[in-house]
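See structure below.
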Amino acid sequence: FFKQKTAYEIKECDWSSDVCSSDLEGFSIYGLHIKAVFDNNPKKTGKKLNGLIIEDIAKLKSIRSKNINMAILAVPSDQAQRIADELVDNNVRGILNFTSCRIEVPKNVKVISIDIALDMARLPYYMQ
C-alpha cells in the first residue's frame, strides 16, 4: 500500500530553480505533494511557484507545524550541513540531497544523494 507523503523543497541557488522546481506537480504521480518552498533570494521570496508562496529560508522552522517529513535539499555546499541540521531539528526524516557534499545526519534519518555533476561526468563514457 502506498502512503501519501508530504515534502518540501529548499532552494538557495539559481540552478535549483531549473533543476528542482520545473514541475512540482510531477511528484504527485508518486503520492508526494510539495507543501512548501524556501529560498534565500529576496527577489524570489513572496512569489508563487506552482501555487506555493516561496518562503524565506529564515522561516524554515515553520515546517514543523506543517507535518513535513521529507525535503529536497538544493543549496550551496557550504550551507548544506547547516540546513540539513535544521531540517532534522524540525522532524524531517528523509532528505533528497542535490548538493555535492556528504551530509551527516542521525541514523533515523535517510539521505539519498544525487550529484548531478558526477552523473554528467559519467555520461560521456556511456555515449561511446
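Does region 109-128 hold any residues that are without any contact (Cβ under 8 Å) to a residue 60 or more places away in the chain and open to solvent by less than 100 Å² (accessible area, probe 1.4 Å), and which are they?
V109, V111, I112, S113, I114, D115, A117, L118, D119, A121, L123, P124 - these are the residues of region 109-128 that are without any contact (Cβ under 8 Å) to a residue 60 or more places away in the chain and open to solvent by less than 100 Å² (accessible area, probe 1.4 Å).
Looking only at region 5-48, filter to residues that are open to solvent by 20 Å² or more (accessible area, probe 1.4 Å) and of a type in the set (S, T, Y); which one of those is modelled with the lowest pLDDT?
S17
When region 34-90 is examined, which residues are found to be part of a loop (DSSP other than H, G, I, E, B), under 23 Å from I114 (Cα atoms) and β-branched (V, I, T)?
Of everything in region 34-90, those that are part of a loop (DSSP other than H, G, I, E, B), under 23 Å from I114 (Cα atoms) and β-branched (V, I, T) turn out to be I68, V75.
Mind checking which residues of region 63-79 are surrounded by 15 or more Cβ atoms within 10 Å (Cβ to Cβ) and without any contact (Cβ under 8 Å) to a residue 60 or more places away in the chain?
Correct list: I63 only.
The values are calculated or read from the model by the stated rules, or taken from the named source; none is laboratory data. Keep in mind that what you see is a predicted model, and the values were worked out from it rather than measured. Every residue, glycine among them, receives a Cβ derived from its backbone with ideal geometry; neighbour counts consider all protein chains shown. When the accessible area is computed, the model is the full protein with side chains, heavy atoms only, and any ligands, DNA or RNA have been set aside. Shrake-Rupley method; radii C 1.70, N 1.55, O 1.52, S 1.80 Å.
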